[in-house]
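What follows is one structure encoded as structure tokens, with my remarks underneath.
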Amino acid sequence: MTSASHHSEVTLRVNGKPHTLRVDNRRVLLDLLREDLDLTGSKKGCDHGQCGACTVLADGRRVNSCLLLAVTLDGSEITTVEGLGGDGEEPHPLQRAFLDRDAFQCGYCTPGQLCSAVGLLAEAAAGHPSHVTDPAAPSGRPVPLDRTEIRERMSGNLCRCGAYPRIVGAIEDVIE
Amino acid sequence: MNGFGYLRPGTLQEAAEAYAAHPGARYLAGGTNLVDLVKLGVEQPTVLIDVGRLPLDTIEELPDGSLRAGATVRNSDLAADPRVRDRWPALSQALLSGASAQLRNVATTGGNLLQRTRCPYFQDLDKPCNKREPGSGCGARDGVHRDHAVLGHSARCIATHPSDMAVALAALDAQVELYGPEGTRRLPVADFHRLPGEHPERDTWIRPGELITAVLLPAATAGVPSAYRKARDRASYAFALASVAVALRVADGIVDQVGIAFGGLAHRPWRARHTELALLGAPATPDAFEGAVALELAHAEPLRDNAYKVSLARNLALDVLNRLAPATATA
Amino acid sequence: MTGTTGTALGAPAERREGRQKVTGAARYAAEYTLPGRAHAWPVPAAIAHGRVTSVDTSAALALPGVLAVLTPGDAPRLAEPEDHTLALLQNPKVPHRGWCVALAVADTLETARAAARAVRVHYAPEPHDVTLVPGHPDAYEPEEAGGQPGRLEQGDPAAAYAAAEVRLDVTYRVPPLHNHPMEPHASTAHWDGDRLTVYTSSQGGSTVRSVLAGMFELPEDHVTAVTEHVGGGFGSKGTPRPDVVLAALAARRTGRPVTVAYPRRHLPTTVGHRAPTVQRLRLGARPDGRLTALLHEVTTHTSRVREFVEQAALPSRVMYATPALLSTHRVTALDVPSPSWMRAPGEAPGMYALESAMDELADALGIDPVELRLRNEPDREPGSGKPFSSRSLVACLREGARRFDWDGRDPRPGTRREGPWLTGTGVAAATYPAAAQPSAAAARALPDGTFTIRINATDIGTGARTVLAQIAADTLGAPLDRVRVEIGHSDLPYAWLAGGSMGTASWGWPVHDACAELASRLAAHPGPLPAEGIETRADTTGKADADSPYAKHAFGAHFAEVAVDTVTGELRVRRLLGVYAAGRILNARTARSQFTGAMVMGLGMALTEHSTLDPAFGDFPEADLASYHVPVHADVPDIEAHWIEEDDPHLNPMGSKGIGEIGIVGTAAALGNAVHHATGIRFRELPLTPDRILAGLLSEG
């Protein structure tokens, strides 16, 4: 157990780089990224898990970074939109597909959409069902992603510019 | 007010001791609701006791054929578990109809049960709410309450419980396992949440310092055909206007096992005991279903703007009952 | 005849800032992490009407890390702004719930939030009234609505209606709606002596600069407004909003850079909303469908802070030929948050009502709704008598009908059942004004063969950088990749805001003019260019805003197919098609995104978006994104947008009409009409949520 002070030390790996910080226990991962690490790609749309703009990958799973207290993430591996492409100059195939499909306008939900889509692909491959997956579909096998599946699985990411059809198209491009 | 302490106990016992030692402490697991409420100021913990890393994250089959899902199993993992999908499909469906993938990846089994109402008056510190501030009044009763309760509400509170998962667990006769200073005990999920009555500030029968350690799905409902259906304001990522979980087994055209619970209608998952009683031993026919569901919903007391919930719940229940009943019975 | 002839225009050029946006490199207003930057958190009023009697800041100031709490008594004084929603912390009056009554400033976001909560505000409340009712004793007819006379009457509408062979008298209701751009309103401000710099999420940096200069009594050139990337606005960032004023006040008080990033929950009461409307439509017609009377009477609210009229009766002055026309607004000032622009203010709710009523008339007459509209096509704009610069509504309707396979449609309502689903299709027309406002631009040719275009345009997601580069490239006869575009900074030549579907027309015009002059200067320039290059400037004042003998509008047609679940009353959109005529389309890729994106917002207006003014408390209980339902991925099917190219010489050198708003305009009516076709029930209040649909099905069934 650590002490009951209002601050704690945490160590996180963000986009492959380790960071050790002393954080206010109130600090959520989103604000840690934006304020402490100046990684402002992850966006604050609602700060309450209702829009998905802050979506990042924590230990490979997509999460709302606005609802995760940084202090609870000691030892975690975080990937943000800035880290999707890896070290290279080339963007991640999803980033390329978003450009090709014009799958955004204002761009504010885009990092969250991208991280969410990365998470979606992994979840479907791991056999995670969704609300629209046929309950009779066999458990534990990869779930084929048609447009209905993609739409349902991406529904935690709002886009007020209404780029949804193009985002779905971009994700389909990467699946193919 | 300005900040809180943080503790990460290594064992259940340490957690319970930490709780006892810190007045105003709260347990934290996934935090998808608690962090939300802390930001709103609805919850003002002095210390957060992080139980998210306690070894409660496994799903195991017990020798009697029941399934024990640890309290920190993530909602997405519980929904995807092949045993859950195959034997208690209503639970998987309920989980998947709630929240978003991101939230389900973090939210836990225990936390889901303990999530608090989304009543807008509860969430707004500048408005009266007997649940948040006992005695301050209820802003919703004469206010905007289209989403509020039609069953079991009180003069003090008309809030609904927001969980989908809990509705399925209630219908499936699941039990919640609690660890506390006085030892371990179990409660049926259907009886875990309270009606508001005079004390809407208390959502459940959990005792101070108690911790949910697991949810148990009983062998008795394993493999019984079950399903969950939810109606909402948009196609995904919205709380239920009304929902229903049904487990139904029919033998020779006669109902020999049934569990029904409604969501979105009350301060707790609403187990439809009147309906169940009427159906047990009755022919599994549309007419019988209709009569039995009406018996339950006759107890509804809709408010000015939410009478639609009664018809909606009725339609949902009949749809799922008829779907689960063998084709010969519905023909 | 248009002034550009190259090949860049119309091409689907990729967004210039796209790469920054998909890699997270694009910085928005709250993301300027200046050294020593502090955060401020507003305290919203907890009463709907009255005044602040005292503010106890002691508990807040006692928190470690709190720098200041600004209150109505002690905030820096401001010159009175024209827009009184910006007169913040200047006096103790509370005109509506949610009005800013204090501002906490602290080292960190968390402490600012805690400090705001620790501020104790005491009030002297007064009775309030936030309920919009037709016939309200305080209702009045505004002089202006959306820049037009509030009332227009032609012929003898009452008598014509009374004498009509076929009459329809219906009332439609649209609730308050919220813009909710994904980026909440935010500004970062810092002072350097008497120079103020703001990074702000605004649709128009030039206006931000002039408004701040006025309020802080500074010369305009002492104020810099940076609007590099803006996360959507949809009208709600059209003019400066409280965030930028509060950030500047807090920065002045604390001597530190300060960011005010509005919490999402504060937006509904703070940044404007679409005012609710109650719209009575009376249509008189001959049996052949020709209108003999059109009466469109709009009741709406405004705040006590400023008058804003949702100009919903205006489209009735544009759409259909009628010998007798009444188009009026009545507005009541209530103790409500100030309404403001939301995508297609006026047209979106107004056309929902008018186009739903037209569908009802078609139904009553047994005339196909596409045909009914064709029969009422006017020769001139009904309201003004002016000829249209171009009007291709008929072509849009015909093309849409062809693409949608409308001709095979069985008109009988409530007859298509697929299991529990009832399905139906609907159509509606759309219109939006095409205009431009004065702006200025500079174009420079450099010795290396590249060009730089400078203009204080704002890209809120429309693709402004990209389309302006295309306009410049075509005018200069240069390859697109040789053109750099600088926008989003108030040191650049003055430009109109990104709003009213006027951005591209307003900015493209001076860009074109400057480039045209530059091209002729270059043609006349012998030898290599000087090191600094050659620059030309253009200003369209007097040109863009000149009176025109023409009525200029874009038109469109929307077609929708829906399925209604008879078990739950839930509604699913199966198909959505828009066909538009908006002059010349300048970038096929970004234009399609704007058309379809606006259709998604129209889908939300029709199906999911609902807000309520709470009579007891005076604000909107649907304050967050969990309760105010913006459509999600799962609500939105594939959407088709097509267009008919118009060659309209009366618009601007590009020949373009604005396209940012028309996509929302007819969408809600098309969906509502499809729901009627599916169910046989006419729902006259938005949104079409399951509670309403189910109640309708049960009472009709």
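Among the residues making up the stretch C:438-482, those that are under 29 Å from residue C:29 (Cα atoms), among the aliphatic types (A, V, I, L, M), part of a loop (DSSP other than H, G, I, E, B) and more than 14 Å from chain A (Cβ to nearest Cβ) are C:455, C:457.
Okay, residues lined up against (1) over 26 Å from the mean Cα position of the chain (by Cα); (2) closer than 23 Å to residue C:348 by Cα; (3) outside the structural domain of residue C:668 (by TED's automatic domain parsing):
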site	(1), (2), (3)
C:522	yes, no, yes
C:527	yes, no, yes
C:530	yes, no, yes
C:554	no, yes, no
C:567	yes, no, no
C:573	no, yes, no
C:576	no, yes, no
C:581	no, yes, no
C:586	no, no, no
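Does the stretch A:130-139 contain at least one residue that is in a helix (DSSP H, G or I) and surrounded by fewer than 24 Cβ atoms within 10 Å (Cβ to Cβ)? For the stretch A:130-139, residues in a helix (DSSP H, G or I) and surrounded by fewer than 24 Cβ atoms within 10 Å (Cβ to Cβ): absent. When C:75, C:30, C:26 are checked against the criterion of being surrounded by 15 or more Cβ atoms within 10 Å (Cβ to Cβ), in contact with a His (Cβ under 7 Å, 6 or more places away or on another chain) and not aromatic (Phe, Trp, Tyr), C:26 stands alone in meeting it.
Within the stretch C:72-81, one or more residues are among the acidic types (Asp, Glu) and at pLDDT 95 or above. Considered as a group, the residues in the stretch B:286-300 that are within 21 Å of the chain's Cα centre (by Cα) and more than 18 Å from residue C:695 (Cβ to Cβ) include one that is surrounded by the fewest Cβ atoms within 10 Å (Cβ to Cβ), and that residue is B:299.
Taking the stretch B:35-82 and the strands (runs of 3 or more DSSP E) fully enclosed by it, the elements with 3 or more residues that are away from every other protein chain (no Cβ under 11 Å) and surrounded by fewer than 22 Cβ atoms within 10 Å (Cβ to Cβ) are at B:59-61. Residues that are under 30 Å from residue C:229 (Cα atoms) and more than 9 Å from chain B (Cβ to nearest Cβ) within the stretch A:116-147 comprise A:117, A:118, A:121, listed in sequence order. A single entry from A:96, A:61, A:101 fulfils the requirement of being closer than 25 Å to residue B:95 by Cα, among the basic types (Lys, Arg) and surrounded by fewer than 24 Cβ atoms within 10 Å (Cβ to Cβ): A:61.
Taken as a whole, the stretch B:205-225 holds at least one residue that is modelled with pLDDT of 95 or more, closer than 26 Å to residue A:153 by Cβ and of a type in the set (A, V, I, L, M).
Each row is one residue, and each column tells you yes or no for (1) away from chain B (no Cβ under 14 Å); (2) free of Cβ contacts under 8 Å to residues at least 24 places away in the same chain; (3) touching a Leu at 6+ places or on another chain (Cβ under 8 Å); (4) buried (at least 24 other Cβ atoms within 10 Å of the Cβ).
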{"residue": "C:495", "(1), (2), (3), (4)": "yes, no, no, yes"}
{"residue": "C:511", "(1), (2), (3), (4)": "yes, no, yes, yes"}
{"residue": "C:523", "(1), (2), (3), (4)": "yes, yes, no, no"}
{"residue": "C:540", "(1), (2), (3), (4)": "yes, no, no, yes"}
{"residue": "C:543", "(1), (2), (3), (4)": "yes, no, no, no"}
{"residue": "C:549", "(1), (2), (3), (4)": "yes, no, no, no"}
{"residue": "C:558", "(1), (2), (3), (4)": "yes, no, yes, yes"}
{"residue": "C:578", "(1), (2), (3), (4)": "yes, no, no, yes"}
{"residue": "C:581", "(1), (2), (3), (4)": "yes, no, yes, yes"}
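Each residue in the stretch A:26-56 was checked for being surrounded by fewer than 24 Cβ atoms within 10 Å (Cβ to Cβ) and either away from chain C (no Cβ under 12 Å) or of a type in the set (S, T, N, Q) (or both), and 1 pass.
Restricting A:68, A:21, A:30 to those that are within 16 Å of the chain's Cα centre (by Cα), among the hydrophobic types (A, V, I, L, M, F, W, C) and more than 21 Å from residue C:25 (Cα to Cα) reduces the list to A:68. Selection over the stretch C:298-345 of residues that are small (Gly, Ala, Ser), touching a Ser or Thr at 6+ places or on another chain (Cβ under 9 Å) and part of a loop (DSSP other than H, G, I, E, B) gives a count of 6.
Exactly one residue out of C:207, C:239, C:224 is within 24 Å of residue C:457 (Cα to Cα), in a strand (DSSP E or B) and not assigned by TED's automatic domain parsing to the domain that holds residue C:330, and it is C:224.
The single condition among (1) part of a helix (DSSP H, G or I); (2) away from chain B (no Cβ under 11 Å); (3) surrounded by fewer than 22 Cβ atoms within 10 Å (Cβ to Cβ); (4) among the small types (Gly, Ala, Ser) that residue A:86 does not meet is (1).
Inside the stretch C:11-63, residues that are hydroxyl-bearing (Ser, Thr, Tyr), under 25 Å from residue C:186 (Cα atoms) and touching a strand residue (DSSP E or B) at 6+ places or on another chain (Cβ under 9 Å) make up a count of 4.
Among the residues here, residue C:414 qualifies as over 27 Å from the mean Cα position of the chain (by Cα), assigned to a loop (DSSP other than H, G, I, E, B) and on the phi > 0 side of the Ramachandran plot. Restricting attention to the stretch C:327-342 and to residues that are closer than 21 Å to residue C:155 by Cα and buried (at least 24 other Cβ atoms within 10 Å of the Cβ), the residue that is nearest to the chain's Cα centre (by Cα) turns out to be C:329. Determine, yes or no, whether residue C:518 is under 26 Å from residue C:178 (Cα atoms) and in contact (Cβ under 8 Å) with a residue 60 or more places away in the chain. No. Considering the stretch C:601-622, and only residues there that are touching a helix residue (DSSP H, G or I) at 6+ places or on another chain (Cβ under 9 Å) and among the hydroxyl-bearing types (Ser, Thr, Tyr), the residue that is farthest from the other protein chains (Cβ to nearest Cβ) turns out to be C:611.
Residues in the stretch B:276-331 that are in a loop (DSSP other than H, G, I, E, B) and farther than 26 Å from residue B:233 by Cα: B:280, B:281, B:282, B:284, B:285, B:325, B:326, B:331. Against the condition of a type in the set (Gly, Ala, Ser), touching a Phe, Trp or Tyr at 6+ places or on another chain (Cβ under 7 Å) and not in a strand (DSSP E or B), how does residue C:48 come out, does it pass? In short, yes. So is residue C:466 assigned by TED's automatic domain parsing to the domain that holds residue C:442 and either touching a His at 6+ places or on another chain (Cβ under 8 Å) or without any contact (Cβ under 8 Å) to a residue 40 or more places away in the chain (or both) or not? No, not satisfied. Once the stretch C:8-50 is narrowed to residues that are away from chain A (no Cβ under 11 Å) and β-branched (Val, Ile, Thr), the residue that is farthest from the chain's Cα centre (by Cα) is C:47. Where strands (runs of 3 or more DSSP E) fall wholly inside the stretch C:87-164, the ranges with 1 or more residues that are crowded, with 23+ Cβ neighbours inside 10 Å are C:100-106.
The values are calculated or read from the model by the stated rules, or taken from the named source; none is laboratory data. The structure presented is a predicted model; accordingly, all values stated were derived computationally and were not measured. Virtual Cβ from ideal backbone geometry, glycine too; neighbours counted across all protein chains shown.
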